[in-house]
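Presented below is the structure to which this report refers.
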Amino acid sequence: MNRRNWILAAGLLLTMPGMALAAKPGYMNVNESVEIHAPPAKVWSLVKDWNGLHKWHPAFSNAEIKSGANNKVGAVRTLTMAGDGAKFDEELDGFSEKNRKYSYRIISDSPLPVVDYSSTILVKSGKAKGTSVLVWKGKFKRKVADNPPAGQDDASVKKAIIGAYQAGLQNVKKLAEK
C-alpha cells in the first residue's frame, strides 16, 4: 500500500468511532418548527412554563409538578392526556431563560409509541423583525422493537410524533398571533 492509501485508511479508521456513536441504531429524530408573527419574548412567555404544556398543547388536559420546582433542572412533571386521561412522567434536563430553551425526557411508561424519548423546545428570532421561530425537536426509538404491527413501524411512529409536535406548534402560533 502506498503512502496516500495508508493516510486514507488511517483517516477512515480514526473517523469510525465517531460514526458508530452517531449512528445509534433504532433512534429516530424529528425536528419541527413554525414561524410566528410575534416577537420571541411573547412566544417564549407562552411555552416557557414547563408545567404549563396543557395550556398550549391540545393533546394534554393537565400537567402537575411531582417533584422539584417548575423550570428547575431535575423537576418531574406528570402529564395527563386529553381524552383518555392516560398519565406519564417527564424530567426537565435543561432550562435556559436567556436562550429561551429547555430540554426534557420521558422517564416512565407512556401511552406514546416511543421509548428513550428526549426533546428540546427553543424559541429564536425569525428572519423578519418582530417574528419568531418555535422549534421542537426530539429523539426516540419506537416502543415495539422487533416486527412491529401495522401502525407501529418507524414511519408511523415518526408521523405520530410529527403530528403531535405540529398540533402544539400550530396552537402556539394561533395563541401568539392573536
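The values are calculated or read from the model by the stated rules, or taken from the named source; none is laboratory data. Since the model is a prediction, treat every value here as computed from it, not as a measurement. Heads up, the Cβs are rebuilt from the backbone with ideal geometry, glycines too, and the neighbour counts pull from every protein chain shown.
For region 96-145: of the residues being on the phi > 0 side of the Ramachandran plot and part of a loop (DSSP other than H, G, I, E, B), which is surrounded by the most Cβ atoms within 10 Å (Cβ to Cβ)?
ARG100
Taking the condition of being surrounded by fewer than 14 Cβ atoms within 10 Å (Cβ to Cβ) and within 28 Å of TRP44 (Cα to Cα), how many residues in region 146-166 meet it?
Our first condition is that a residue be surrounded by fewer than 14 Cβ atoms within 10 Å (Cβ to Cβ); within region 146-166, this holds for 146-147, 149-151, 154-155, 159, 163.
Next, only the ones that are within 28 Å of TRP44 (Cα to Cα) stay: 159, 163.
The total comes to 2.
For region 67-79, give me each residue that is crowded, with 16+ Cβ neighbours inside 10 Å and in a strand (DSSP E or B).
Within region 67-79, VAL76, ARG77, THR78, LEU79 qualify.
Looking at region 153-178 only, could you name the residues that are of a type in the set (S, T, N, Q) and more than 19 Å from SER118 (Cα to Cα)?
So the first thing to find is which residues in region 153-178 are of a type in the set (S, T, N, Q), and the list is 156, 166, 170-171.
Listed by number, the residues that qualify are GLN170, ASN171.
Write out, first by first residue and then by second, each pair whose Cβ atoms fall under 8 Å of each other, whose residues are 6+ apart or on separate chains, and whose first residue, in region 33-61, is closer than 15 Å to LYS174 by Cα while the second is acidic (Asp, Glu).
Close Cβ pairs (under 8 Å, with a partner that is acidic (Asp, Glu)) amount to ILE36/GLU177; HIS37/GLU177; ALA38/GLU177; LYS55/ASP49.
Look at SER33 and say whether it is more than 26 Å from VAL144 (Cβ to Cβ), part of a helix (DSSP H, G or I) and at pLDDT 95 or above.
On the way: more than 26 Å from VAL144 (Cβ to Cβ): yes; part of a helix (DSSP H, G or I): no; at pLDDT 95 or above: yes.
So SER33 fails the test.
If a residue must be aliphatic (A, V, I, L, M) and either modelled with pLDDT of 95 or more or assigned to a loop (DSSP other than H, G, I, E, B) (or both), how many such residues does region 146-160 contain? Walk me through how you get there before you give the answer.
Residues of region 146-160 aliphatic (A, V, I, L, M): 150, 155, 157, 160.
From what's left, either modelled with pLDDT of 95 or more or assigned to a loop (DSSP other than H, G, I, E, B) (or both): 150.
Residues flagged as aliphatic (A, V, I, L, M) and either modelled with pLDDT of 95 or more or assigned to a loop (DSSP other than H, G, I, E, B) (or both) within region 146-160 amount to 1.
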